[in-house]
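Trainee: Sharing a structure, written as structure tokens. Questions coming.
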Amino acid sequence: MKTSPSLLALVLCAISVSQAETPRPPQGMAFIPGGDYKPLYAKQAKSRHTAPFFMDVMQVTNGEFLAFVKAHPEWQRSQVKRSLADANYLTHWAGDLEPGDLAPINAPVTHVSWFAAKACSEAQGKRLPTQDEWEFAARADATKQDASTDPAYLRQLLEWYSKPATSALEDVHTGVQNVYDLHGMHGLVWEWVHDFNSTLLMGDSRSDGSLERKLFCGAGSLLASDVSNYAAFMRYALRSSLKGAYCVGSLGFRAAQSITPDAATSRTIAFSTAYDLPGEWRNQDNQPVTLASMRGRVRVLTMGFTRCKFACPRILSDMHQIEKALGKEAEQVGFVFLSIDPQFDTPAQMTSTIHERKLNPVRWTFLAAPTDIVQQTAVALDFKYQLVDGFFAHSNLIAVLDEDGKVIHREESLGADIKPVVDAVRKLLSKP
Amino acid sequence: MTKLAPRILPALAAVLLTQCGDHELSPNEKKSQQTLIKEMATYSTAAPDTVRDPLKQPDQPLSGSEDAVLTDAPNVPPPITRDHPTKVTVKLEVREHVKRMADGVDYTFWTFGGSVPGKFMRIRQNDEVEFHLMNRPDSKMPHNIDLHAVTGPGGGAAASFTAPGHESVFSFKALIPGLYVYHCATAPVGMHIANGMYGLILVEPIGGLPKVDREYYVMQSEFYTKGPYGEAGLQLFSMEKALAENADYVVFNGSVGAIAGDNAMPAKVGEKVRLFVGNAGPNLTSSFHVIGEIFDTVYLEGGALPAQHNVQTTMIPAGGSAIVEFGLDVPGTYILVDHSIFRAFNKGAIGMLKVAGEENKVVYSGKQDDRIYRLEGGAIQTIPQASTQQAPAANKDERIARGKIIYNSVCFACHQPEGLGIPKAFPPLAKSDYLNADPKRAISNVLHGLQGKVIVNGETYESIMPQLGLNDEQVANALTYVYSQWGNNGTEVLPVTVKEVRATVPAPAAPGAH
């Protein structure tokens, strides 16, 4: 296994830093000490811990992004793949290599997808900050590390949200500087985070309490800790409205870096389907598997974790029903369970689930991979998940993939009628 | 309980008939009785089960397709003439932009279709709606829509959750007729509503609504701003005030004066008018009233049944609606208000229906009689006698201090504590060219009242100022205070001047004179 979970890396550096002096941040970055913080949704959850890390002092500018697309032509507006960035990608630029009047060189770059932000960060040897890191650093104002309960701070944030989006954004230097020397964490643009898809607020914030029981497992995790923190609600709402390829006019990014260099991550490369994504998975027989090797067969796929007590057993049972409903045709179909829980879903654990649930190991493939690989695959499949108190809250996904890995049909509500899925599979199988 | 109602109604009508049988009825009484009996008969025979359970109403099969006609307030799309349900496509664009809240006051509105309230949608029961929600690329926020007309979790909210620069599509069938509020339900919901994200969708019952001559769309809502009412400039949303439910603006159709003055809704004598009235809140319940009218029919809470007649004021809950209908008998301007009346005169909840046509002196005698009642005594007779015994003010400062007390008890109700007046209704006293040009004219107006057109700072006002019944000293003090404030020229008005004006300027015409 070439890559290791970045989570583990973070924990390791937490230990080393606590005994050492404040590390010197690289040029253009600031040292963020890390610590405990309580996120918006943390009513029942414990505080979350963030290890120390480095963070870009300012957002990535149009000028910096121009240098990136010059060096990596596949990210130029006319070249980029639609799976990586939607049609709004750099739409305010005058041309492929010409930001133009609407995108001043020193203003933050916007209209960039998560994949583009990630690739640009990687090109600099950095990564996107995690949501925890970003939220931790963003609690600070000019004088305090934690201003999150200061009414003046909250009012300032809301005032930005109350202002209309101007045509051209201001210089990144104009952003308010916080106690860590970070400029413009609020007030200029929204920012991408690595695990934006861990926000499960969903479309209808009013019913998260019940909706989440219906749609997600990890009950009770989504109740906000501070219902009057409108500013935080809006950040989480924005994140939950996004998909990896979305490009939004008020959404930019800044990069982060771990104190000890990050282990090689799953590089962002152009892909057409999830099967193009890099990274090595392990199946229930502990054999290495790439998603590319899944080609050539129609598959019904889900993501989850085998310890799940609520949603995943139901999803597996639905998939089993789909298999039965397909009858003899099921022989031509693969059933895939991608684990989001690399720590617990060992080959042995996955094998035992297959036995317990009396699944046919010839047709059923359970796969686990390190966190970074899981994350990129999840974003590509528009799958949301979040670790809360040792369990995952996650989307309920049953997807039908064609022989190239293209998602032809998806179901996202638990206990939905299986017929549309069966029909979609049959339609694919009947293609010459 | 509701199932009993149709059986009781004819019985009740019979009782009424018997009781009234003894004495001679006037033609009007006869007419209204006949109407009542006819309506009761209608309710009891017109398949009441299907009125109460619209799902049981037989209908034609779905056929055809069309794009919904969407209108900005106060306009309403034309009535639906189809006798069958169809497939309707609705395309609604979300836009965040700065617009006028009041004269000199701007606000960043979040809108469904560019205006507040959002586009009015009109569909028919059993229509199948394909709903497209487009969020403009220059939006900062994700948005969605919860239509109260939708039967299903969230009313479409989760299905329509849309990031900036994207479009969501979902479908629903309009099972139940009625007038429904729609609004954005993205976190934080309160703020999305407080910024203007709401509107009305009418689901017409099978067979449609009774024909009327005019229909208008009126939606009440309140705004919470950082600065107080009237503070100029771009005002920002105040979460503190919203949480405390302490609104700065309570308005019809999204801004102060949106349907008042030149923007008044026109109508004619003899017409029957229907108002589709919504209340978006986000917090306040409306006591909706039209000054000088009585609602012939109110579809309470926007339900499909004309449930109440002869209503003066109808309650409209936040997130609710009402349909009101009334005939117009007399020309003039009819003022729409939230009869929680400080909202109307101090926070903007004023609309106008301007009715043209022939006078009907029998129904309403007109202005001569009104003059008789105004002439004697004046509006304010409660200025304490004691004050007349007070020694005259010794100097200008004392005059200003005393004048302030009079202003704050007599004048402020119309002219407002800061002298800003009420747009389209009461002229400002602050920086007033009219006032500064001629102190004697001002004295005369306070002494005798004022009626007719005046032009103040370029705006035309046509209201009535009553006589105030103040003595010379009080008039002098009040006016000196006004001249000393809000950018006026500082004129000191002396009681002797007031006396002079009182003696030289004739009082208004006596009763009966023209």
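Trainee: Go through region A:278-303 and report how many residues are more than 24 Å from the chain's Cα centre (by Cα), part of a strand (DSSP E or B) and surrounded by 22 or more Cβ atoms within 10 Å (Cβ to Cβ).
Mentor: 0
Trainee: Restricting attention to region B:205-221, which residues are assigned to a strand (DSSP E or B) and more than 17 Å from B:ALA260 (Cα to Cα)? Even if it seems obvious, please write down each step before you answer.
Mentor: From region B:205-221, those assigned to a strand (DSSP E or B) are B:214-221; that's our starting set.
Matches in region B:205-221: B:ARG214 only.
Trainee: Does region A:347-363 hold any residues that are open to solvent by 80 Å² or more (accessible area, probe 1.4 Å), part of a helix (DSSP H, G or I) and under 15 Å from A:MET319 (Cβ atoms), and which are they?
Mentor: A:GLU356, the sole residue that qualifies.
Trainee: Return the residue satisfying two criteria in turn: it lies in region B:275-301 and is of a type in the set (Gly, Ala, Ser) and within 20 Å of B:VAL116 (Cα to Cα), and of such residues it is modelled with the lowest pLDDT. I'd like the intermediate steps shown before the answer.
Mentor: First pass over region B:275-301, keeping only residues of a type in the set (Gly, Ala, Ser): B:278, B:280-281, B:286-287, B:292.
This time we only want the ones that are within 20 Å of B:VAL116 (Cα to Cα), so: B:278, B:280-281, B:286.
Details: B:GLY278: 98, B:ALA280: 97, B:GLY281: 93, B:SER286: 97.
Once the filter is applied, the top-ranked residue is B:GLY281.
Trainee: Here's something else I'd like to know. Just the residues that are open to solvent by less than 20 Å² (accessible area, probe 1.4 Å) and aromatic (Phe, Trp, Tyr), please, taken from region B:217-238.
Mentor: Answer for region B:217-238, where residues must be open to solvent by less than 20 Å² (accessible area, probe 1.4 Å) and aromatic (Phe, Trp, Tyr): B:TYR217, B:PHE223, B:TYR224, B:PHE237.
Trainee: Only one of these conditions is not met by A:THR143: (1) touching a residue at least 24 places away in the same chain (Cβ under 8 Å); (2) open to solvent by less than 10 Å² (accessible area, probe 1.4 Å); (3) away from chain B (no Cβ under 14 Å). Which number is it?
Mentor: Only one criterion in (1) touching a residue at least 24 places away in the same chain (Cβ under 8 Å); (2) open to solvent by less than 10 Å² (accessible area, probe 1.4 Å); (3) away from chain B (no Cβ under 14 Å) is unmet by A:THR143, namely (2).
Trainee: Continuing with this model, one more query. What number of residues within region A:45-93 are among the acidic types (Asp, Glu) and in contact with a Phe, Trp or Tyr (Cβ under 8 Å, 6 or more places away or on another chain)? So that I can check it myself, show each step before the final result.
Mentor: Here is the first cut: in region A:45-93, the ones among the acidic types (Asp, Glu) are A:56, A:64, A:74, A:86.
Restricting the remaining residues to those that are in contact with a Phe, Trp or Tyr (Cβ under 8 Å, 6 or more places away or on another chain) gives A:86.
Here the count works out to 1.
Trainee: I've got another one for you. In region A:252-261, which residues are at pLDDT below 95 and either within 14 Å of chain B (Cβ to nearest Cβ) or surrounded by fewer than 20 Cβ atoms within 10 Å (Cβ to Cβ) (or both)?
Mentor: Result: A:SER258, A:THR260, A:PRO261.
Trainee: Could you list all residues from region B:187-213 that are open to solvent by 10 Å² or more (accessible area, probe 1.4 Å), in contact with a helix residue (DSSP H, G or I) (Cβ under 9 Å, 6 or more places away or on another chain) and away from chain A (no Cβ under 14 Å)?
Mentor: Passing the criteria: B:PRO205, B:ILE206.
Conditions (1) in contact with a Gly (Cβ under 8 Å, 6 or more places away or on another chain); (2) open to solvent by 50 Å² or more (accessible area, probe 1.4 Å); (3) part of a helix (DSSP H, G or I); (4) among the hydroxyl-bearing types (Ser, Thr, Tyr), marked per residue:
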residue: A:ARG82; (1), (2), (3), (4): no, yes, no, no
residue: A:ALA103; (1), (2), (3), (4): no, no, no, no
residue: A:PHE115; (1), (2), (3), (4): yes, no, yes, no
residue: A:LYS118; (1), (2), (3), (4): no, no, yes, no
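Trainee: Evaluate region B:97-118: report whether one residue or more is of a type in the set (Asp, Glu) and within 14 Å of chain A (Cβ to nearest Cβ).
Mentor: We begin by selecting, within region B:97-118, every residue of a type in the set (Asp, Glu); these are B:103, B:106.
Then keep just the ones that are within 14 Å of chain A (Cβ to nearest Cβ); that gives B:106.
Yes, region B:97-118 contains a residue that is of a type in the set (Asp, Glu) and within 14 Å of chain A (Cβ to nearest Cβ).
Trainee: Which one of these does A:LYS163 not meet: (1) within 14 Å of another protein chain (Cβ to nearest Cβ); (2) crowded, with 20+ Cβ neighbours inside 10 Å?
Mentor: So the condition that A:LYS163 fails would be (2).
Trainee: Would a scan of region A:386-409 turn up a residue that is under 16 Å from A:LYS243 (Cα atoms), outside any helix (DSSP H, G or I), among the hydrophobic types (A, V, I, L, M, F, W, C) and touching a residue at least 40 places away in the same chain (Cβ under 8 Å)?
Mentor: yes
Trainee: Kindly indicate whether A:ILE373 is closer than 24 Å to A:ILE418 by Cα and touching a residue at least 40 places away in the same chain (Cβ under 8 Å).
Mentor: On the way: closer than 24 Å to A:ILE418 by Cα: no; touching a residue at least 40 places away in the same chain (Cβ under 8 Å): yes.
No; evaluated as a whole, the condition is false for this residue.
Trainee: Please enumerate the residues belonging to region B:467-494 that are over 18 Å from B:HIS448 (Cα atoms), open to solvent by 20 Å² or more (accessible area, probe 1.4 Å) and outside any loop (DSSP other than H, G, I, E, B).
Mentor: Listed by number, the list holds a single entry, B:SER484.
Trainee: Then there is this: Among the residues of region B:97-107, how many are in contact (Cβ under 8 Å) with a residue 40 or more places away in the chain and open to solvent by 20 Å² or more (accessible area, probe 1.4 Å)? Please lay out each step first, then the result.
Mentor: Taking region B:97-107 as the starting set, the residues that turn out to be in contact (Cβ under 8 Å) with a residue 40 or more places away in the chain are B:98-107.
Okay, now just the ones that are also open to solvent by 20 Å² or more (accessible area, probe 1.4 Å), so B:98-100, B:103-104, B:106.
Qualifying residue count, region B:97-107: 6.
Trainee: Tally up the residues in region B:394-428 that are in contact with a His (Cβ under 6 Å, 6 or more places away or on another chain) and under 20 Å from B:GLU473 (Cβ atoms), please.
Mentor: 0
Trainee: Further question on the same structure: Residues that are at pLDDT 90 or above, polar (S, T, N, Q) and either in contact with a helix residue (DSSP H, G or I) (Cβ under 6 Å, 6 or more places away or on another chain) or open to solvent by 20 Å² or more (accessible area, probe 1.4 Å) (or both): does region B:355-364 have at least one?
Mentor: Among the residues of region B:355-364, not one is at pLDDT 90 or above, polar (S, T, N, Q) and either in contact with a helix residue (DSSP H, G or I) (Cβ under 6 Å, 6 or more places away or on another chain) or open to solvent by 20 Å² or more (accessible area, probe 1.4 Å) (or both), which makes the answer no.
Trainee: Could you check region B:257-353 for strands (runs of 3 or more DSSP E) lying wholly inside it with 3 or more residues that are surrounded by 19 or more Cβ atoms within 10 Å (Cβ to Cβ)?
Mentor: Working: elements: B:265-268, B:272-279, B:286-291, B:295-299, B:308-311, B:313-316, B:320-327, B:332-338.
It comes to B:272-279, B:286-291, B:295-299, B:320-327, B:332-338.
Trainee: I need a count of the residues in region B:108-128 that are within 15 Å of B:LEU236 (Cβ to Cβ) and surrounded by fewer than 24 Cβ atoms within 10 Å (Cβ to Cβ). Steps first, please.
Mentor: Of all residues in region B:108-128, those within 15 Å of B:LEU236 (Cβ to Cβ) come to B:108-110.
Retained after the next criterion (residues that are surrounded by fewer than 24 Cβ atoms within 10 Å (Cβ to Cβ)): B:108-109.
Looking only at that region, the number is 2.
Trainee: State yes or no: is A:LEU414 in a loop (DSSP other than H, G, I, E, B), over 25 Å from A:SER113 (Cα atoms) and of a type in the set (A, V, I, L, M, F, W, C)?
Mentor: Values: in a loop (DSSP other than H, G, I, E, B): yes; over 25 Å from A:SER113 (Cα atoms): yes; of a type in the set (A, V, I, L, M, F, W, C): yes.
Spelling it out, A:LEU414 is indeed in a loop (DSSP other than H, G, I, E, B), over 25 Å from A:SER113 (Cα atoms) and of a type in the set (A, V, I, L, M, F, W, C).
Trainee: Further question: Being touching a residue at least 40 places away in the same chain (Cβ under 8 Å), in contact with a Lys or Arg (Cβ under 8 Å, 6 or more places away or on another chain) and among the aromatic types (Phe, Trp, Tyr) narrows it down to one residue among B:TYR224, B:TYR180, B:TYR229, B:TYR217; which is it? Break it down stepwise before answering.
Mentor: Working: B:TYR224 fails: touching a residue at least 40 places away in the same chain (Cβ under 8 Å); B:TYR180 fails: in contact with a Lys or Arg (Cβ under 8 Å, 6 or more places away or on another chain); B:TYR217 fails: in contact with a Lys or Arg (Cβ under 8 Å, 6 or more places away or on another chain).
Criteria check complete, one pass: B:TYR229.
Trainee: Among the residues of region B:137-169, which ones are open to solvent by 20 Å² or more (accessible area, probe 1.4 Å), more than 7 Å from every other protein chain (Cβ to nearest Cβ) and touching a residue at least 40 places away in the same chain (Cβ under 8 Å)?
Mentor: Passing the criteria: only B:HIS148.
Trainee: Of the conditions (1) open to solvent by 30 Å² or more (accessible area, probe 1.4 Å); (2) of a type outside the set (A, V, I, L, M); (3) more than 25 Å from B:HIS143 (Cα to Cα), B:THR86 fails just one. Which one is it?
Mentor: (1)
Trainee: Only one of (1) modelled with pLDDT under 90; (2) hydroxyl-bearing (Ser, Thr, Tyr); (3) open to solvent by less than 40 Å² (accessible area, probe 1.4 Å) fails for B:THR497. Which number is that?
Mentor: Failing condition for B:THR497: (1).
The values are calculated or read from the model by the stated rules, or taken from the named source; none is laboratory data. Computed from a prediction, not measured in an experiment: that's the story for all the values here. Backbone-built Cβ (ideal geometry, glycine too); neighbour counts: all protein chains shown. Protein only, heavy atoms only, side chains kept; ligands, DNA and RNA dropped before computing areas. Shrake-Rupley method; radii C 1.70, N 1.55, O 1.52, S 1.80 Å.
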